[in-house]
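Here the structure comes first, spelled out in structure tokens, and everything after it is commentary.
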Amino acid sequence: MPSRRGVGSVQVMIDLAQEHGLSIAQCLQQTGISPAQLADPTTQVEASQELQVIDNLVRALPGVKGLGLQAGMRYQLSTLGIWGFAIISSATVRAAIDVALRFADLSLVLAKYSLHEDEDSAEFHIDIAHIPAHLRQFVLERQFLITLLLIRSMMSEQIIRPRDIYLTVDTLPFTQMPAIIQESRLHLGASANRLVFDRAVLDRATPQANAATAQFCVRQCEELLDQRKQQSGFAGQVRALLLAHIGQMPSLQAAAQHFNMSPRTFRRRLDDEQASFRALLEETRAGVAMELLATAQLSVESVAERMGYAETASFIHAFKRWTGSTPGKYRAAQARLSS
């Protein structure tokens, strides 16, 4: 289970709790997270702090069934950052799983994933044995929904369904069973959490498969991991921060606060490396957008959404500022060059 993660996942829990009448103060009890840190998208928290938030919710809302399911439904692909993009752009289901496991330290997951194969089956295990017993129902429900989100995002309309689903919980209180698992055999009260597929599924191509996009996303994941390990080159660290928050880019003030600096010191550190925050921001946004437009089978609207733009028109305007071309014209030009 990755230890450090963005505060976005905690914010999802807070939003859910507030809908059930809890205050931010109740949610943050004993976490060491302040309301100011919660409002800063660049804040990094420990997995133990997120578990404490979940503990606070579970204890305060004992009568709410399916609380983890409600949380899982709130996640979007953009919440998962470059890790999620790397998964859905992989060439095959097997490659996507390999990427998910290889870069798990960049994810927001609390469970531990693993893949097990035999002659005709492929089992995707979701291990929650390390989670405190009274929180396992919530964590498993939430992780199960996030897993289904990744499968849907990766396969688009070409739905792949688990043949069998084994879950250690005794109840799975959906108000309506998701279409993706309606035909799966569900086994509750099992000894382990596992999704069982026909082994042939692993070699299926994904609708968004593209070698260039996959290579780009994996390279970004590798750079993020390197930055976390080495923490060298301040401009590189800032760029890694931006890549980790593709759907919600931080402001200069928020980025400076992330590094425990004043905005003035933050600017000076970048100046020392002949860099600027604005340039890094534009470079990161433009680079990701151009790669997705040129090599992924996504509409301009989908790219805009995954880049964190509420309005497609705002994305088109920004893209034209970055490149001098509209997204549609840029994609057409790239298609001609590759044909």
Legend entry - Test for THR213: is it part of a helix (DSSP H, G or I), modelled with pLDDT under 80 and of a type outside the set (Gly, Ala, Ser): yes
Legend entry - Residues being at pLDDT below 85, in contact with a Phe, Trp or Tyr (Cβ under 7 Å, 6 or more places away or on another chain), of a type outside the set (Gly, Ala, Ser) and open to solvent by 10 Å² or more (accessible area, probe 1.4 Å) - total across region 69-107: 1
Legend entry - Odd one out for ILE246, checked against (1) open to solvent by less than 20 Å² (accessible area, probe 1.4 Å); (2) at pLDDT below 85; (3) in a loop (DSSP other than H, G, I, E, B); (4) touching a Leu at 6+ places or on another chain (Cβ under 8 Å): (4)
Legend entry - Residue satisfying all of: in region 192-212; over 13 Å from GLU123 (Cβ atoms) and polar (S, T, N, Q); surrounded by the fewest Cβ atoms within 10 Å (Cβ to Cβ) among these: ASN210
Inset, instruction - Give the residue, chosen from LEU110, LEU51, that is farther than 27 Å from LEU298 by Cα, assigned to a loop (DSSP other than H, G, I, E, B) and open to solvent by less than 30 Å² (accessible area, probe 1.4 Å). - result: LEU110
Inset, instruction - Filter region 266-282 for residues that are in contact with a Phe, Trp or Tyr (Cβ under 8 Å, 6 or more places away or on another chain) and assigned to a helix (DSSP H, G or I) and give the result. - result: PHE266, ARG267, ARG269, LEU270, PHE277, GLU282
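Do we have THR168 as at pLDDT 80 or above and open to solvent by 30 Å² or more (accessible area, probe 1.4 Å) here?
yes
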Legend entry - Number of the condition not met by PRO162 [criteria: (1) surrounded by fewer than 20 Cβ atoms within 10 Å (Cβ to Cβ); (2) not in a helix (DSSP H, G or I)]: (1)
Inset, instruction - Scan region 64-76 and give yes if some residue there is polar (S, T, N, Q) and under 28 Å from CYS221 (Cα atoms), otherwise no. - result: yes
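Can you work out which of the residues in region 54-68 that are touching a Phe, Trp or Tyr at 6+ places or on another chain (Cβ under 8 Å) and surrounded by fewer than 20 Cβ atoms within 10 Å (Cβ to Cβ) is modelled with the lowest pLDDT?
Within region 54-68, the match that is modelled with the lowest pLDDT is GLY66.
Kindly indicate which of ALA205, ALA133 is more than 21 Å from the chain's Cα centre (by Cα), small (Gly, Ala, Ser) and more than 23 Å from GLY84 (Cα to Cα).
ALA133
Every residue, every condition in (1) farther than 28 Å from MET154 by Cβ; (2) at pLDDT 85 or above; (3) part of a helix (DSSP H, G or I); (4) open to solvent by 40 Å² or more (accessible area, probe 1.4 Å), yes or no:
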| position | (1), (2), (3), (4) |
| --- | --- |
| ARG264 | yes, yes, yes, yes |
| THR284 | no, no, yes, no |
| GLY287 | no, no, yes, no |
| MET290 | no, no, yes, yes |
| GLU305 | no, no, yes, yes |
| ALA333 | no, no, yes, no |
| LEU337 | no, no, yes, yes |
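Go through region 23-47 residue by residue and tally those that are open to solvent by 20 Å² or more (accessible area, probe 1.4 Å) and either hydrophobic (A, V, I, L, M, F, W, C) or touching a Gly at 6+ places or on another chain (Cβ under 8 Å) (or both).
6
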Inset, instruction - Could you tell me which numbered condition LEU186 fails, if it satisfies all but one of (1) over 30 Å from ARG306 (Cα atoms); (2) assigned to a loop (DSSP other than H, G, I, E, B); (3) of a type in the set (A, V, I, L, M)? - result: (2)
Inset, instruction - Could you please find all residues in region 124-161 being within 21 Å of ASP198 (Cβ to Cβ) and acidic (Asp, Glu)? - result: GLU157
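The values are calculated or read from the model by the stated rules, or taken from the named source; none is laboratory data. Computed from a prediction, not measured in an experiment: that's the story for all the values here. Every residue, glycine as well, gets a Cβ built from its backbone with ideal geometry; the counts of neighbours run over all protein chains shown. In case anyone asks, the SASA skips ligands and DNA or RNA and just uses the protein heavy atoms, side chains included. Shrake-Rupley method; radii C 1.70, N 1.55, O 1.52, S 1.80 Å.
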